[in-house]
Amino acid sequence: MQIPSAMSSGVQGLQGAQNDLAQATTTVAKPEPVQTSPSAYLAEDTVSLSSQSNSTDKVSALIDAQQAVNHGQASAEVINVANENVGTIIDLSV
């Protein structure tokens, strides 16, 4: 079993965070579906139920987006620390 370097783990984390953020923002940007119904009463119930569902989906997507941002920041910190460690090793060996 091979253990990946900190730099490659950080880069993979950034790529994953970017993909997650893209997916979350796409979900937030989706337009709400427009439903038409023959009955005014039925249309009112349908709209209220679908808007609640869409609101929940958008809130969930916004939470996912914030998690992706946090993941990206943590991955960037891993890359930064790995870079500092490599610099320290180079300074010690010269």
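Pairs linking a residue in the stretch 1-17 that is closer than 21 Å to residue 67 by Cα and of a type in the set (Val, Ile, Thr) to a residue that is assigned to a loop (DSSP other than H, G, I, E, B) and modelled with pLDDT of 95 or more, with Cβ atoms under 6 Å and 6 or more positions apart or on different chains, do not occur. The set of residues in the stretch 5-31 that are under 23 Å from residue 86 (Cβ atoms), over 11 Å from the mean Cα position of the chain (by Cα) and open to solvent by 80 Å² or more (accessible area, probe 1.4 Å) contains only 12.
The values are calculated or read from the model by the stated rules, or taken from the named source; none is laboratory data. From a predicted model like this one, the values you see are computed outputs, not experimental measurements. Glycine gets a Cβ as well: all are built from the backbone with ideal geometry, and neighbour counts include every protein chain shown. Protein only, heavy atoms only, side chains kept; ligands, DNA and RNA dropped before computing areas. Shrake-Rupley method; radii C 1.70, N 1.55, O 1.52, S 1.80 Å.
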